[in-house]
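A quick write-up on the structure given underneath.
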Amino acid sequence: MSRRHVRPYGDTTGDGMVQTSFTLPLPAGPRAEGAARQLANRMGIDPAMVVHAKPIGEDFTFFVVYGPVGHVVDLDQVRVVEREYPLLSPAEVNGAVKRLLRRKLVVVGACIGTDAHTVGIDAILNVKGFAGEKGLEYYRELRVVNLGAQVSVPELVRRARAEKADAVLVSQVVTQRDAHLLNTREMAAAFREAMGRRRPLLVAGGPRFDPLAAAELGVDRVFGRGTTPGEVASYLVHAVKEQRKEHA
């Protein structure tokens with residue numbers, strides 16, 4: 001099999017073995033396990049082996065299913081967002097901001113809507129950072145305003161204008177009924193209406209975002225799970241540089 005085409009690897013190369021987990025609203029027992037196997041078959045896992053089944057209360061069962069799939073991935077059809085800018089050290093970010101702006105770059109961050117999960121935004125903004133990297137508060141040439149959780153979109157727009165923000169970072173963890181997508185679209189529309197082309201850079205992040213969806217959501221960049229502060233800081237420098245080229 002060429003490198004262009006790949007299959008999952010389990011016990012041996014190209015055997016197509018995958019493992020998946022899900023919960024069914026059925027009491028634990030043979031009927032529930034049969035339903036789990038049927039569902040896995042319809043997902044393309046055949047034969048499907050129930051390797052774990054655990055009751056969750058009286059009316060639900062959690063399953064782990066293992067088995068082979070026949071699907072092959074064509075790498076030429078895979079679409080991802082490639083990083084088009086270099087990763088910079090904090091010193092390089094500070095130097096670039098100083099040369100580009102001759103002032104501090106202002107970043108406003110928040111969790112919008114009813115989302116109260118600040119772990120993501122704090123990992124990027126707070127000095128303690130994430131994955132061994134210091135957060136944006138550590139960067140001498142960045143001024144960070146962390147608004148915290150459950151910030152309404154009108155309040156975010158007001159504070160961004162008051163702080164003369166160059167960039168607005170929004171973290172969304174709650175995804176029920178696509179709340180993260182709805183909130184992000186609302187935010188983007190509010191900034192367009194309030195500030196037009198003079199709006200700050202809009203960056204959204206969270207574990208369930210698709211980085212390919214930036215244009216659809218109306219923001220400049222989307223970061224997914226595992227993003228580090230250094231990646232965000234390097235992007236901000238790159239984006240500001242591109243903005244200045246456009247306006248030159």
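The values are calculated or read from the model by the stated rules, or taken from the named source; none is laboratory data. This is a predicted model, so every value here is computed, not measured. Backbone-built Cβ (ideal geometry, glycine too); neighbour counts: all protein chains shown. Only protein heavy atoms, including side chains, enter the accessible area calculation; ligands, DNA and RNA are left aside. Shrake-Rupley method; radii C 1.70, N 1.55, O 1.52, S 1.80 Å.
Computed quantities for the displayed model
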read-out: Residues (touching a residue at least 60 places away in the same chain (Cβ under 8 Å), out of contact with any strand residue (DSSP E or B) (no Cβ under 9 Å at 6 or more places or on another chain) and of a type in the set (D, E, K, R)) located in the stretch 209-244; value: LYS241, ARG244
read-out: Only one of VAL51, VAL73 that is hydrophobic (A, V, I, L, M, F, W, C), modelled with pLDDT under 95 and more than 26 Å from GLN172 (Cβ to Cβ); value: VAL73
read-out: Options VAL72, VAL108: the member that is over 30 Å from HIS5 (Cβ atoms), β-branched (Val, Ile, Thr) and touching a residue at least 12 places away in the same chain (Cβ under 8 Å); value: VAL108
read-out: Residue list for the stretch 197-212, restricted to those being over 19 Å from GLY120 (Cα atoms) and open to solvent by less than 50 Å² (accessible area, probe 1.4 Å); value: PRO200
read-out: Some residue of the stretch 235-247 being at pLDDT 95 or above and open to solvent by 20 Å² or more (accessible area, probe 1.4 Å); value: yes
read-out: Filtered residues of the stretch 28-61 (kept if farther than 30 Å from VAL72 by Cβ and open to solvent by 70 Å² or more (accessible area, probe 1.4 Å)); value: PRO30, ARG31, LYS54, PRO55, ILE56, GLU58, ASP59, PHE60
read-out: VAL222, sole failed condition from (1) under 13 Å from the mean Cα position of the chain (by Cα); (2) farther than 27 Å from ALA131 by Cα; value: (2)
read-out: Filter result for THR12 (surrounded by fewer than 14 Cβ atoms within 10 Å (Cβ to Cβ), polar (S, T, N, Q) and outside any strand (DSSP E or B)); value: yes
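This table checks each residue for (1) closer than 16 Å to THR184 by Cα; (2) touching a Lys or Arg at 6+ places or on another chain (Cβ under 9 Å); (3) hydrophobic (A, V, I, L, M, F, W, C).
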site: VAL127; (1), (2), (3): no, yes, yes
site: GLU133; (1), (2), (3): no, no, no
site: LEU136; (1), (2), (3): no, no, yes
site: VAL144; (1), (2), (3): no, no, yes
